[in-house]
Amino acid sequence: MTTSIPGFSAPAAATGSPLAMLSACHHRIEAQCATLRRLAPHLLARGVDDEARAVANKLIAFFDTATMQHHAG
């Protein structure tokens, strides 16, 4: 997966490359936001089923973890 910054890979950002780290972080956030956008129609169509619960729990865990890591660095 490439980013909008040529030459940097989102999943493999090194700590010595701040722009790559920022880009990788934003890609992960965008992916989670896309999942969240898909969750709303799922809830309308199927209600709060096991799949919706699992996805919601993963989203919460991601944003809890990402927020803590972001503010720690």
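A few remarks follow.
- The residue of segment 10-36 that is modelled with the lowest pLDDT, among those that are more than 10 Å from the chain's Cα centre (by Cα), loosely packed, with under 14 Cβ neighbours inside 10 Å and not in a loop (DSSP other than H, G, I, E, B), is PRO18.
- Among residues of segment 61-73 that are at pLDDT 75 or above and of a type in the set (S, T, N, Q), none has a beta-carbon under 8 Å from a residue that is surrounded by 10 or more Cβ atoms within 10 Å (Cβ to Cβ) and in a helix (DSSP H, G or I) at least six positions away or on a different chain.
- Pairs meeting the criteria (first residue in segment 21-35 and among the basic types (Lys, Arg), second residue surrounded by 15 or more Cβ atoms within 10 Å (Cβ to Cβ) and in a helix (DSSP H, G or I), beta carbons under 9 Å, at least 6 apart or on different chains) are ARG28/PHE62.
The values are calculated or read from the model by the stated rules, or taken from the named source; none is laboratory data. Nothing here was measured: the structure is a model prediction, and the numbers come from that model. Counting neighbours? That spans all protein chains shown, and the Cβs are built from the backbone with ideal geometry, glycine included.
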